[in-house]
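The values are calculated or read from the model by the stated rules, or taken from the named source; none is laboratory data. The shown structure was predicted, so the numbers you read here are calculated from the model rather than taken from an experiment. Using ideal geometry, Cβ is built from the backbone for each residue, glycine included, and neighbour counts are taken over all protein chains shown.
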Amino acid sequence: MNYILTKDVVKIYRGNVVALNEVSFTIDKLGIIGLVGPNGAGKTTLIKILTTLTRPTRGKAEVLEYDVINDYEKIRRRISLVPQDASPELYLTPYEHVYWYLRSRGLSRGDAEKLTKDVLEKLGLWDHRNKVCAKLSGGMRQRVLIASALAVPADIYFLDEPTVGLDPLARRDVWNVLRDVSRGSLIFLTTHYMEEAEALSDLLIMINRGRIIEIGSPKELIRKVPYKYKIALDKKIDLIKSSFKTVDTEKEKIIYVENENDLPDLLDYLLSQKIDFSLKTTTLEDLFIMKVRESESR
Amino acid sequence: MRVDRIISSAVFMSLSYQKEPLAFISDLIIPLIIFMIVQLGTGKGAESLVGILVAIAWSSGSFALARKLAQYRVWRLMDMFIASPVKPLEFALASALAHLTILILPATVITIIMILLQGISLTALASIVLSIIISWFVGTSFGLYMYGRLADPLRISSVANLLNLLIILIPPVLYPISFLPSNIQLASIIIPTVSLKLLALHLIGVETGIPFYLPLVIVIIYLIIFMILAIRERITIE
């Protein structure tokens, strides 16, 4: 079954702003799908199209084999969403928020009570269930939203940057719940954190400027990183002679080294010049940075 | 359309008001001061009380509803409701129903004052309830239209403050229409809240000096216009 299918999806907003440009992919297995991309890459637009909150300008998009335009009501019955930058109803308690959201979706009183208790316990909110959201920290409010969405018995959960603002421990709690939920459902999540995408995703979609720039499992993608090591140093340092691939990020300059034989000379040089640096093995983030730079230079 | 979804969504939206059941008192201070001045000065306080009922029903249906919907849009809670089995029409009905429940307490207080002031028959009481529902219904149609046009809570607040002045405080809603010269009395009927108040007064058997059919026709015209506008500005999928 194709849980999600997009074919040449284009979304153009007013003012001729192209948010998505011929996006095509198919998801035919359950699990966690990570959508990563820089700000303005088109992640939220894609989620909005798949959750039927906005229409594609062109192309075809299907969720659970239903068309997002013609069969949107059928899709809405079987999905659940945590929107980006959302806020819970501040004068409701976490319990009321989750329980009444479930009831509003048509769940019975008994089911709603059970599911509310389960999800609040899993997300560490049970002890705070009777405090109004206004009195909770930002991270806890975010967890209330996640709890409201994940408590729903749905086929696909769409989570748009769900862990923004959570501390590392709370983020791990959410990851555990997501892994648990993904055993019988599909989770489609966007994130800024590559570490999160790598740790959680069964399939990763990298997107930039409305186009898919890479797609595959984390294992497949890590094999595509053409360099084994990277040396990060101050962005201002200008290497006089460098045959290595370098990429400038916001904070630092990264030198990529393909094999370890090249390392000694480079390290000697940096040490002799008294340049501070760190040596690391490459990760998916490096592939992401390279691909984003490539797509931007086209 | 499913009633259980509408009621549950309405509870979700109204719980925050229920947490502050006495919040309405601050909203009633100015109208009650006007009522006291009118009562002490002319003895026509009952007319003011009817005006207060119309004003709170109109406001909770229009301004409060539009503000709440805009807030839900900014908080993105509306996205969570729309991307769910809750249909846009169900959501709109739920939000309207939520704002009907929040006017129960202040309306009860005003009605009790009215009973204490001059005593009310059961028929008149039923007419008061009917008047509140009509005012709320017309206000709700306007509120849905207002939300559709403005969508932003700050813009809605500023427009609501202005409209509150123009259609509730300045015209003869909280004070008797007889305070105005006769030609202005007739002109003021064009304002929906004035017509709603006159209709309510007729329903409970208070003589206003204005024929019954005039406010009735005007209320019906407003209702049709606001409903058409609200349907045109309905919460769509985009």
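Is it fair to say A:Ser148 is touching a Phe, Trp or Tyr at 6+ places or on another chain (Cβ under 8 Å), among the hydroxyl-bearing types (Ser, Thr, Tyr) and over 29 Å from A:Val18 (Cβ atoms)? In short, yes. Considering the conditions (1) away from every other protein chain (no Cβ under 14 Å); (2) buried (at least 23 other Cβ atoms within 10 Å of the Cβ), B:Ser9 is excluded by exactly one of them, (1).
Count of segment A:1-59 residues, restricted to those that are of a type in the set (Phe, Trp, Tyr) and assigned to a loop (DSSP other than H, G, I, E, B), is 1. Scanning segment A:132-150 for residues that are assigned to a loop (DSSP other than H, G, I, E, B) and more than 12 Å from chain B (Cβ to nearest Cβ) gives A:Leu136, A:Ser137.
Of the residues making up segment A:151-175, those that are out of contact with any Pro (no Cβ under 6 Å at 6 or more places or on another chain) and either within 12 Å of another protein chain (Cβ to nearest Cβ) or at pLDDT 95 or above (or both) are A:Ala151, A:Val152, A:Pro153, A:Ala154, A:Asp155, A:Ile156, A:Tyr157, A:Phe158, A:Leu159, A:Glu161. Taking segment A:153-239 as the region of interest, the strands (runs of 3 or more DSSP E) fully inside it that hold 1 or more residues being over 25 Å from A:Arg76 (Cα atoms) are A:203-208, A:211-216, A:229-234. Scoring A:Pro168 on the criteria (1) buried (at least 18 other Cβ atoms within 10 Å of the Cβ); (2) within 30 Å of A:Leu30 (Cα to Cα); (3) more than 14 Å from the chain's Cα centre (by Cα) leaves a single failure, condition (1).
Can you find even one residue in segment B:128-146 that is over 12 Å from the mean Cα position of the chain (by Cα) and outside any helix (DSSP H, G or I)? The answer is no; no qualifying residue exists.
Rundown of residues vs (1) more than 30 Å from A:Ser217 (Cα to Cα); (2) in contact with a Cys (Cβ under 7 Å, 6 or more places away or on another chain); (3) small (Gly, Ala, Ser), yes/no style:
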position: A:Pro56; (1), (2), (3): no, no, no
position: A:Trp126; (1), (2), (3): yes, no, no
position: A:Gly138; (1), (2), (3): yes, no, yes
position: A:Ser148; (1), (2), (3): no, no, yes
position: A:Ala151; (1), (2), (3): no, no, yes
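Taken across segment A:41-55, residues that are touching a Phe, Trp or Tyr at 6+ places or on another chain (Cβ under 7 Å) and either polar (S, T, N, Q) or not assigned by TED's automatic domain parsing to the domain that holds A:Pro83 (or both) do occur, with at least one present. Out of A:Gly110, A:Gly124, one residue alone is farther than 23 Å from B:Gln18 by Cβ, assigned to a loop (DSSP other than H, G, I, E, B), more than 12 Å from every other protein chain (Cβ to nearest Cβ) and not aliphatic (A, V, I, L, M). It is A:Gly124. So is A:Asp234 in the same structural domain as A:Leu266 (by TED's automatic domain parsing) and either out of contact with any Asp or Glu (no Cβ under 8 Å at 6 or more places or on another chain) or without any contact (Cβ under 8 Å) to a residue 12 or more places away in the chain (or both) or not? The answer is no for A:Asp234. Being buried (at least 16 other Cβ atoms within 10 Å of the Cβ), within 14 Å of chain B (Cβ to nearest Cβ) and at pLDDT below 95 is a property that holds for A:Leu53. Within the set B:Ala46, B:Ala57, the sole residue that is among the hydrophobic types (A, V, I, L, M, F, W, C), closer than 23 Å to B:Ser127 by Cα, away from every other protein chain (no Cβ under 14 Å) and surrounded by fewer than 21 Cβ atoms within 10 Å (Cβ to Cβ) turns out to be B:Ala46.
Checked against the criterion of being exposed (fewer than 13 other Cβ atoms within 10 Å of the Cβ) and within 14 Å of another protein chain (Cβ to nearest Cβ), segment B:225-238 has at least one qualifying residue.
For segment A:95-106, the condition of being at the interface with chain B (Cβ under 9 Å from one of its Cβ atoms), surrounded by fewer than 23 Cβ atoms within 10 Å (Cβ to Cβ), touching a Cys at 6+ places or on another chain (Cβ under 9 Å) and not in a helix (DSSP H, G or I) holds for none of the residues. When the residues of segment A:72-94 are filtered to those that are aliphatic (A, V, I, L, M) and assigned to a strand (DSSP E or B), the one that is nearest to the other protein chains (Cβ to nearest Cβ) is A:Leu81. Across segment B:65-81, the qualifying residues are those that are aliphatic (A, V, I, L, M) and surrounded by 24 or more Cβ atoms within 10 Å (Cβ to Cβ), and the one among them that is farthest from the other protein chains (Cβ to nearest Cβ) is B:Ala66.
For (1) of a type outside the set (Phe, Trp, Tyr); (2) in contact with a Lys or Arg (Cβ under 8 Å, 6 or more places away or on another chain), each residue gets a yes or a no:
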position	(1), (2)
A:Lys230	yes, yes
A:Leu233	yes, yes
A:Asp238	yes, no
A:Phe244	no, no
A:Val247	yes, yes
A:Lys253	yes, yes
A:Glu258	yes, yes
A:Leu263	yes, no
A:Asp268	yes, no
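Take the residues in segment A:1-22 that are at positive phi and without any contact (Cβ under 8 Å) to a residue 60 or more places away in the chain; name whichever of them is surrounded by the most Cβ atoms within 10 Å (Cβ to Cβ). Taking the candidates together, the pick is A:Asp8.
Any chance segment B:158-175 includes a residue that's assigned to a loop (DSSP other than H, G, I, E, B), away from every other protein chain (no Cβ under 14 Å) and under 19 Å from B:Phe24 (Cβ atoms)? Yes, segment B:158-175 has at least one match.
Would you confirm whether any residue within segment A:254-264 is surrounded by 12 or more Cβ atoms within 10 Å (Cβ to Cβ), outside any helix (DSSP H, G or I) and charged (D, E, K, R)? Yes, segment A:254-264 contains a residue that is surrounded by 12 or more Cβ atoms within 10 Å (Cβ to Cβ), outside any helix (DSSP H, G or I) and charged (D, E, K, R).
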